[in-house]
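Rule-based calculations on the coordinates, nothing more; no lab input. Remember, predicted model here, so these are calculated numbers, not experimental data. Every residue, glycine among them, receives a Cβ derived from its backbone with ideal geometry; neighbour counts consider all protein chains shown.
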Amino acid sequence: MDGVSSRPLDARSRLEAALAPELVTAIEQLVAERVEQALAEQVPAANGHGSPWLSVAEAAEYLRTSERTVQRLVKRSRVRSSTIGRRRLLHRDDLDSAATGEEKRQPLHPAAAEE
């Protein structure tokens, strides 16, 4: 061995070896800004389109549980839902309430309570 480490260099070390330190710092700042911007754009909507209404699959993902568990919550009236055509929608606030054990909201429509 000639004293050179056999361990591969990380990305920052490779950049520092090839570029001026000021340029490496500028690249790091630019990447950090872009990542922050991309994350900020994702935060408003867990379902990707800004709506507070989630499908059963989206609600399951939001709660990090199975779709069957979400269906049981609806059946037991722990979460209210609305059906449009063949699609059942749940409101994110109702899911939050169910997850924290808060009081459930009233049904959207009187007929929804009879389902």
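Quick notes on this structure:
- For peptides 62-70, 92-100, sequence by mean Cβ density within 10 Å, most packed first: 92-100, 62-70
- Considering region 53-109, its Cα convex hull presents a mean projected area of 3.6 nm².
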